[in-house]
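Participant: Let me begin by handing over the structure; questions about it come next.
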Amino acid sequence: MDTLRPPSRSPDERAFGWWLAQAVVSVLPPVLLLVLLAVLITPARRWLLLAAAILAVPGLIYILVMPPWRMRVHRWEVAQEAVFTRAGWVRQQWRIAPMERIQTVDTLRGPLQQLFGLSSVVVTTASAAGALTIDGLDHEDARLLAEDLAARARGGDAA
């Protein structure tokens, strides 16, 4: 097997915008809903605005911290005998999937990923730990990677 070392490839630079959009879409609607309710329900205005602030402050921190942190931490690499990934927040996870254990390789494109021209590659193995996911890849690069991994897994020489 290749030398064990941290994976070297990082997500496409557009992944930063994708992760930022994900954060905004998850934080903004509940905060805006509470502010709207505060405008409409005068007797509860103070409590609704307090609730909005309680959600908005950590939400803003999340929006500011999550995208650069993911760009810094998320890494992937395909070596001769295995696929390596590193991801996570406080508890970072480094996963290795030997080529001979790969069962399926899929690409995923959610609506926001499509907007940014990105895809994720999901490598399913015969492991109880679950699939490895490589996020933030250029759509065409993800397609080529999925084809390459599928060919290697079935014993082809796509390398």
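Participant: Using Cα pairs closer than 8 Å and at least 6 residues apart in sequence, work out the relative contact order for the chain, in percent. List each step's numbers first, then the result.
Facilitator: Values: 244 pairs, mean separation 35.2, N = 159.
In percent, rounded to a whole number, it is 22.
Participant: What nm value, rounded to one decimal, do you get for the distance between Gln92 and Gln80 when each label is placed 7 Å out toward the C-beta?
Facilitator: The answer from the label model is 2.7 nm.
Participant: What whole number of Å gives the distance from the Cα centroid of segment 101-159 to the Cα centroid of segment 1-69?
Facilitator: Cα centroid to Cα centroid, the span is 27 Å.
Participant: Can you give the longest stretch of the chain with no exposed loop site, where a site means GluC sites (Glu not before Pro) in a DSSP loop (not H, G, I, E or B) with at most 14 other C-beta atoms within 10 Å?
Facilitator: On the way: sites that count: Glu13, Glu81.
Of all site-free stretches, the longest is 82-159.
Participant: Now for a different question. Using Cα pairs under 8 angstrom and six or more residues apart, how large is the relative contact order of segment 1-73, in percent?
Facilitator: Numbers: 45 pairs, mean separation 29.0, N = 73.
RCO, segment 1-73: 40 percent.
Participant: Using the Cα centre of the chain as the reference point, and only Cβ charges (+1 on K/R, -1 on D/E), how large is the resulting charge dipole? Debye, rounded to the nearest 20. If you can, show how the numbers build up before the last one.
Facilitator: Details: 16 positive and 14 negative charges, 167 e Å.
Charge dipole, the chain, about its Cα centre: 800 debye, nearest 20.
Participant: Using +1 at the C-beta of Lys and Arg and -1 at the C-beta of Asp and Glu, which of Trp76, Val121, Val65 has the Cα lying farthest in the positive direction of the dipole of segment 60-159?
Facilitator: Val65
Participant: Can you give the FRET efficiency for Ala53 and Gln114, using 1/(1 + (r/R0)^6), R0 = 30 Å, r = Cβ-Cβ distance, to the nearest 0.05? Intermediate results must be reported in sequence, preceding the final value.
Facilitator: Details: r = 34 Å, r/R0 = 1.12.
According to the calculation, E is roughly 0.35.
Participant: Separate question: At a probe size of 1.4 Å, how large is the accessible area of Ile61, to the nearest 10 Å²?
Facilitator: 100
Participant: Using only Cα atoms, find the angle between the long axis of helix 15-40 and the longest principal axis of the chain, and express it within 0 to 90 degrees, rounded to the nearest 10.
Facilitator: Approximately 20 degrees, to the nearest 10.
Participant: Report the extension gain between Ser127 and Ser10 in nm, rounded to one decimal, defined as 0.36 nm multiplied by the number of residues separating them, less their alpha carbon distance.
Facilitator: Details: separation 117, 0.36 × 117 = 42.12 nm, distance 2.43 nm.
The Ser127-Ser10 span can extend by a further 39.7 nm.
Participant: At R0 = 25 Å, how high is the FRET efficiency between Val73 and Ala21 if r is their beta carbon distance? Nearest 0.05 is fine.
Facilitator: Values: r = 19 Å, r/R0 = 0.75.
For R0 = 25 Å, the calculated efficiency reads 0.85.
The values are calculated or read from the model by the stated rules, or taken from the named source; none is laboratory data. In this text the structure is predicted, and so the values were computed from the model without any measurement. Cβ coordinates were reconstructed from backbone atoms using ideal geometry, including for glycine residues, and neighbour counts include every protein chain displayed. Surface areas here come from the heavy atoms of the whole protein model, side chains and all, with no ligands, DNA or RNA. Shrake-Rupley method; radii C 1.70, N 1.55, O 1.52, S 1.80 Å.
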